[in-house]
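The values are calculated or read from the model by the stated rules, or taken from the named source; none is laboratory data. Only a predicted model underlies this, so the values are computations on that prediction, with no experimental measurement involved. Cβ: placed from backbone, ideal geometry, glycine included. Neighbour counts: every protein chain shown. With ligands, DNA and RNA removed, areas are computed over all heavy atoms of the protein, side chains included. Shrake-Rupley method; radii C 1.70, N 1.55, O 1.52, S 1.80 Å.
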Amino acid sequence: MTTNNNSNPFEIPSSDLFSPSDTKGFGDLFQTPTGTNPFDNVQAAAPIVPVSNKETEKKDEAPVVQIKDEKDEKSKKGKGKSKSKDTALSKKIKEQKAKKENLKIDKTWVVAYSAQQYNPPEDDMTLDNVREWLEVDYPELSKERCRMEVDEAKKLIVPIVSGAKKG
């Protein structure tokens, strides 16, 4: 590159720039005659369709809102449930919780948490003892925020952290 003393070495020659009449493959996309307003041509725009009177009449009317009694809805919801199913289900849940609380865990069980697998340090531990043992290393496993999933066939315990109750 040769430089003249009078010219700037970073100057772009005028042959490299677009000329106003050259579109370089854009077709008539950017072609507007100079001095014309593109908003003057109203015929090119979409036609204006007047709104019918039916739609304006509907807007003038007040909307109709139905009011429901909350007392009636609550009484209807309570009548549909059968108490025998609820009590049977709650008994099963209580039995499962009691079974988990009384479950004795020995050194052959595996505790899987935080991509690690541990064996309990002692024999005849309960789930709460295992949780307390893990809580030393993992403080998020507090009694309020942790539940233990147990697979007795595989002898596997998985502590699951849950959120605290709001409010």
(message) Apply the Karplus curve 6.51 cos²θ - 1.76 cosθ + 1.60, θ = phi - 60°, to the phi angles in region 133-140 and return the couplings in whole Hz, x for Gly and Pro.
(response) 5, 6, 5, 4, 8, 10, x, 6
(request) Estimate the FRET efficiency between Tyr138 and Lys91 by the formula 1/(1 + (r/R0)^6), using the beta-carbon distance for r and 30 Å for R0, to the nearest 0.05. (result) 0.35
(message) With a 1.4 Å probe and all protein chains left in place, how much accessible area per residue does region 86-127 have, in Å²?
(response) 76
(message) At 25 °C and a viscosity of 0.890 mPa s, what translational diffusion coefficient does Stokes-Einstein give for region 125-167, taking Rh as the Kirkwood radius over Cα pairs? Give it in µm²/s as a whole number.
(response) 223
